[in-house]
1. Restricting attention to the stretch 113-140, which residues are assigned to a loop (DSSP other than H, G, I, E, B) and either open to solvent by less than 10 Å² (accessible area, probe 1.4 Å) or out of contact with any strand residue (DSSP E or B) (no Cβ under 8 Å at 6 or more places or on another chain) (or both)?
2. Would you pick out the residues in the stretch 279-294 that are outside any helix (DSSP H, G or I) and open to solvent by 30 Å² or more (accessible area, probe 1.4 Å)?
3. Within the stretch 290-333, work out how many residues are away from the ligand (no atom under 16 Å from the Cβ) and either modelled with pLDDT under 95 or among the aromatic types (Phe, Trp, Tyr) (or both).
4. Being part of a helix (DSSP H, G or I) and more than 13 Å from the ligand (Cβ to nearest atom), is that true of even one residue in the stretch 336-353?
5. From the list GLY93, GLY36, which residue is away from the ligand (no atom under 16 Å from the Cβ) and touching a Pro at 6+ places or on another chain (Cβ under 7 Å)?
6. Among the helices (runs of 4 or more DSSP H) confined wholly to the stretch 195-276, which include 2 or more residues that are polar (S, T, N, Q) and either within 21 Å of PRO72 (Cα to Cα) or at pLDDT 95 or above (or both)?
7. In the stretch 280-328, which residues are farther than 26 Å from GLY92 by Cβ, in contact with an Asp or Glu (Cβ under 9 Å, 6 or more places away or on another chain) and without any contact (Cβ under 8 Å) to a residue 40 or more places away in the chain?
8. Can you list the strands (runs of 3 or more DSSP E) found entirely within the stretch 48-88 that contain at least 1 residues being modelled with pLDDT under 95 and open to solvent by 50 Å² or more (accessible area, probe 1.4 Å)?
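The values are calculated or read from the model by the stated rules, or taken from the named source; none is laboratory data. This is a predicted model, so every value here is computed, not measured. Using ideal geometry, Cβ is built from the backbone for each residue, glycine included, and neighbour counts are taken over all protein chains shown. Only protein heavy atoms, including side chains, enter the accessible area calculation; ligands, DNA and RNA are left aside. Shrake-Rupley method; radii C 1.70, N 1.55, O 1.52, S 1.80 Å.
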Amino acid sequence: MVDLVVRGDTVVTPQGVGAYDLAIAGERIVSVAAKGSLSIPDGARLIDAAGKIVMPGGIDPHVHCKWFLPNPDGTAGLTDPPDVVTRAAVHGGTTTIIDFTRASQGGSVQDAIASREQDWKGHAACDYAQHLMVEGALPVRLFGELAEAIQAGFPTIKIFTTDITPSRKGRMVDFGGIWEVFKVLAANGGLGVIHSEDNDIVMHMYEKLIREERTSFTNMAEVHNTLSEDISFRRVIRLAEKVPGAALYMMHVSAASGVSAISEARARGVPIYGESLHQYMLYTSEDYRQPNGQIYHTYPSLKSKEDQAALWAGTLDGSINCVATDEICCTLKQKTQGARIDDTTGGNAGVEPRVALMYTEMVGKRGYALSRFVDLVSTNAARIMGLYPRKGALAAGSDADICILDPADKRVIRAADLHEADYTPWEGRRMEAWPCLTMLRGKVVVENGGFQGSLADGCWLPRRIDPEIVSGPRL
Ligand SMILES: [Zn+2]
C-alpha cells in the first residue's frame, strides 16, 4: 500500500535525471514512474517537488562520533555523540553515516562491536554502519575474529600506517600486521580503509621542526607532506597488489601525489578507490594563517593549490570517488585548544552542510552533472561500502532515503543555524541550494528545517561488499 508519492521534475535516478513519481510503501520505494502517471491512493501524501532536486539521501562514509579527543595537557575528552551528529546529518540531507569501532583494544572484536552498538542504538536519527579499526600490535587471535566480523556485516577495516603525531603512539600497524589484515580481507571479500602516511617521514619532520623551533600548526603541511603521501600510498598499494583479492579505499586523500598513486594503480587494474574531504577540496595550507586557522585542519594536512586542483581533477577521472567530512564534532574551544604541529585537534565539523556545500561547488560553480555530484556525496559510498542498492539509489526496492534540495534557498551558512558544533569552517558561504526535506526509510524526518524524527529512527546497516567492487577498479 502506497503511503507517499514524491513527484518531481528533476529526480536523480540510476537511469538518469528526469521527471518522475516515486511511490513509497512503508520503508521502501516501490516504483519509479513517469511524472504524473501514478495515482495518489486515498490517505497517501503527495510531496510536490516541482522546481527542486530529488536525490538519494547523502552518505558520509567517514564520521567519528563519541570519539577520543586528546587534549594538549595529556588528558582526553570525547567528541559529540551520535545523538548530536546524526540529527545534524538529517538536517543537511544525509541519511547514512559510517562511524568507527575500535576493534583491537583488549577484548574480542565481537565484544567491541557489541559495546559500540550500545553507543548508537536509540541514539541515532539516521542509519549507520561501522568500520572496524585495528591499531598497534595485532594479536594472532584477532585475524579469525576479523574474518567472522566481515561475514557478520562489518566488511571494512581501518588501518593507520602512522601514529600521526609523536604523542599518539600505538595507532600504527606495522607492515607485517597490515599484510596479515589484507589476507583476511581478501579471503573474506572485505575492503581495507587506510589512513596512509609514511611514519618515518612524518616523525622525521616532527623532530626537525621541533629542533628548529618551528612548531606552529601553520607549518603542518611540512610535516604531513606530499612526499609522505606519495611513498606511503605506493607502499600500501604495492603490498595490496601482492595479496590477490585485496582491495583498498584510501581515506582523506590530500595531495596530488596521492591522486597519482591511485590513478596509476587503477590503470594497472588494482581495485582501489579514493576519498577526499570537504575542507581539502576548498581550503589550502595558506588558510592555516587565517584567524582560528585550526578549524580548517584535519590530519594529514591541507596542501597547496596544485594539490587541490588534482583532487578536483580526481573527482572527474575516477580516482576520487567520495567527498566525506572526517567528522569530529566538538566546540571551537576544543578545536583550537592546540596550536602546535603535534597537538592540533584533527577532524572537522560539517556533516550537516556537506551535501549543500558540494552541490554549490560541484553543480553551481563547476558545472558538474547532477548525477556526478550525487555519485560523489552518496551513490559511490553506497557502492564501495557494500550498501548499494539498498542505499544511494532512487529505485524500486531501495530504502526510501530521500533528500530534496531547494535551489531557491540560497542561504548563507551560519554556525548558529546549524545543529552541530558552535563553529563551522563554512561560515559566511552562500549556498546554491539547501535541503527542504529529508526522508529516512519512508519517514519524513526533517521538513522546512523542522525536526520530525527521533533518535530511535536510525538502524545499524549490515554490509557486504559487492564482489565486482573488489575485483577491479570500478566507478
Ligand atoms: Zn577519520
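1. Scanning the stretch 113-140 gives GLY122, HIS123, ALA124, ALA125, CYS126, ALA137, LEU138, PRO139, VAL140.
2. Keep residues of the stretch 279-294 that are outside any helix (DSSP H, G or I), which gives 283-284, 290-292.
Within the stretch 279-294, GLN290, PRO291, ASN292 qualify.
3. 1
4. Of the stretch 336-353, the ones part of a helix (DSSP H, G or I) are none.
So far as the stretch 336-353 goes, no, none of its residues is part of a helix (DSSP H, G or I) and more than 13 Å from the ligand (Cβ to nearest atom).
5. Working: GLY36 fails: touching a Pro at 6+ places or on another chain (Cβ under 7 Å).
Being away from the ligand (no atom under 16 Å from the Cβ) and touching a Pro at 6+ places or on another chain (Cβ under 7 Å) holds for just one of GLY93, GLY36, which is GLY93.
6. Working: elements: 199-211, 220-223, 226-241, 256-267.
Counting at least 2 such residues, we get 226-241, 256-267.
7. The answer is LYS305, and nothing else.
8. Details: elements: 53-56, 58-60, 68-70, 76-78.
Answer list for the stretch 48-88: 68-70, 76-78.
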